[in-house]
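Below is one structure, written out as structure tokens; the observations come after it.
Only the coordinates and a few stated rules stand behind these numbers; no lab work does. Keep in mind that this is a model prediction, so the values were computed, not measured. Here the Cβ is made from the backbone with ideal geometry for all residues, glycine too, and neighbour counts use every protein chain on show.
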Amino acid sequence: MTITLALSKGRIFEETLPLLAAAGIEVLEDPEKSRKLILPTNQPDVRVVLVRASDVPTYVEYGGADLGVTGKDTLIEHGSQGLYQPLDLRIAKCRVSVAVRQDFDYERAVKQGSRLKVATKYTSIAREFFATKGVHVDMVKLYGSMELAPLTGLADAIVDLVSTGNTLKANHLVEVERIMDISSFLVVNQAALKLKREPLRRIINAFASAIPAEQN
Ligand code: PRP
């Protein structure tokens with residue numbers, strides 16, 4: 001019975017490795033060096049598939065993978081239908097924020113009830129946030145490099161992930177609202193949980209025991 005785990009390259013992959021180690025699983029190839037999309041592990045019945053971060057929930061929902069690790073931002077945008085979410089792994093932490101150009105008076109625009117042009121990949125999160133705030137927005141959907149939008153006049157504000165804040169700083173943008181804290185979750189295909197109960201439980205329990213402690 002093969003177990004397939006969906007991960008995305010970068011921070012999520014790196015920060016999932018210690019959790020895999022707790023389950024006795026070691027990935028045998030480095031995704032930064034290999035072009036392979038299916039990576040073997042030291043356990044013949046466990047493999048890792050590399051997918052785009054935003055595709056992890058899709059793979060797990062439709063059974064292309066039995067389980068996966070995905071950011072809360074991605075889960076909210078995708079919707080969590082059909083996904084069992086047993087664990088907040090407390091890895092790949094960051095936040096979703098609103099940012100504007102240094103010379104844009106966000107407070108004033110909000111107070112005056114101006115329509116805001118907002119560029120983002122996170123349209124569901126942004127829509128809900130501004131609706132709750134009572135701010136009218138024109139949403140511009142982008143797929144990356146959101147920071148460019150206010151610099152080129154495409155938008156007044158962006159809604160994007162912020163971790164260190166270095167990307168905002170390098171592009172002369174300032175964070176004006178923190179919308180929500182983000183971390184990555186383990187998601188499991190519901191049918192697989194029944195059919196492959198034992199091996200999946202073993203992995204879920206090992207991950208649970210290795211979750212980093214909450215920091216303040
Ligand atoms: C994210 C985000 C910002 C950056 C923030 O991009 O979109 O660009 O990280 O990090 P910082 O605050 O530490 O500078 P990511 O590298 O995840 O790639 P993406 O553009 O594909 O989302």
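Which one, PRO150, PHE129, ALA170, projects farthest toward the positive side of the charge dipole computed for the chain from Cβ point charges (K/R +1, D/E -1)?
PHE129
Pull up all non-local amide H partners of ILE3: gap of 5 or more, or a different chain, and H-to-H distance under 5 Å with H placed in the peptide plane.
Those qualifying (amide H under 5 Å, at least 5 residues apart or on another chain) are VAL46, ARG47.
Enumerate the calculated ³J(HN,Hα) couplings along segment 95-102 in order (Karplus 6.51 cos²θ - 1.76 cosθ + 1.60, θ = phi - 60°), each rounded to whole Hz, writing x wherever the residue is Gly or Pro.
So the J values, rounded to whole Hz, are 9, 9, 9, 9, 9, 9, 5, 3.
Apply the Karplus parameterisation 6.51 cos²θ - 1.76 cosθ + 1.60, with θ equal to phi minus 60°, to every residue of segment 117-129 and state each ³J(HN,Hα) to the nearest whole Hz, in sequence, with x for glycine and proline.
For segment 117-129, the Karplus curve yields 8, 10, 9, 6, 8, 9, 5, 5, 4, 5, 4, 5, 4 Hz.
With r as the distance between the Cβ atoms of LEU195 and LEU161 and R0 = 25 Å, compute the FRET efficiency 1/(1 + (r/R0)^6) and round to 0.05.
That gives a FRET efficiency of 0.10.
Using the Kirkwood radius built from alpha carbon pairs, what does the Stokes-Einstein equation give as D for the chain at 37 °C and 0.692 mPa s, in µm² per second?
It comes out at roughly 176 µm²/s.
Between segment 96-132 and segment 142-190, what is the C-alpha centre distance in whole Å?
12
Expected output is a single nm value to one decimal: the length gained when fully extending between MET180 and ASP103, i.e. 0.36 nm times separation in residues minus the C-alpha distance. What is it?
25.3 nm
How large is the dipole of segment 45-136 about the Cα centre if only Lys and Arg carry +1 and Asp and Glu carry -1, each at its Cβ, rounded to the nearest 20 debye?
About 500 debye.
If you wrap segment 58-176's Cα atoms in a convex hull and average its projection over all directions, what's the area in nm²?
Average projection, Cα convex hull of segment 58-176: 8.2 nm².
Relative contact order for the chain using alpha-carbon pairs under 8 Å, separation at least 6, rounded to a whole percent?
29
Calculated from DSSP H runs of 4 or more alone, at -39500 (n - 2.57) each and per residue, what is the 222 nm mean residue ellipticity of the chain, nearest 500?
-9000 deg cm²/dmol
Give a quick list of trypsin sites (Lys or Arg not before Pro) in segment 95-169 that DSSP marks as loop, anything other than H, G, I, E or B, with at most 16 other Cβ atoms within 10 Å.
Hits after loop and neighbour filter: ARG115.
Using every alpha carbon pair in segment 26-94, what percent of pairs falls into each 5 Å bin from 0 up to the bin containing the largest distance?
P(r) over segment 26-94, rounded to whole percents: 3, 15, 24, 23, 20, 12, 3.
Using amide H atoms built in the peptide plane, which far-off residues or other-chain residues are under 5 Å from PHE185 H to H?
Correct list: THR70, GLY71, LYS72, LEU89.
Work out the length of the dipole vector of the chain about its Cα centre, built from +1 on the beta-carbon of each Lys and Arg and -1 on the beta-carbon of each Asp and Glu, and round it to the nearest 20 debye.
The dipole of the chain has a size of about 260 debye.
Show the residues, 5+ positions off or on another chain, whose built amide H is closer than 5 Å to the amide H of LYS93.
Correct list: empty.
Given points 7 Å out from each Cα along the Cα-Cβ axis, report the MET139 to ALA170 separation in nanometres with one decimal.
Placing both labels 7 Å beyond Cα along the Cβ direction yields 2.8 nm.
Provide the per-residue ³J(HN,Hα) series for segment 83-92, in order, calculated from phi with Karplus coefficients 6.51, -1.76, 1.60 and θ = phi - 60°, each as a whole number of Hz, with x at glycine and proline positions.
Values, residue by residue: 10, 8, 10, x, 9, 7, 7, 6, 10, 6 Hz.
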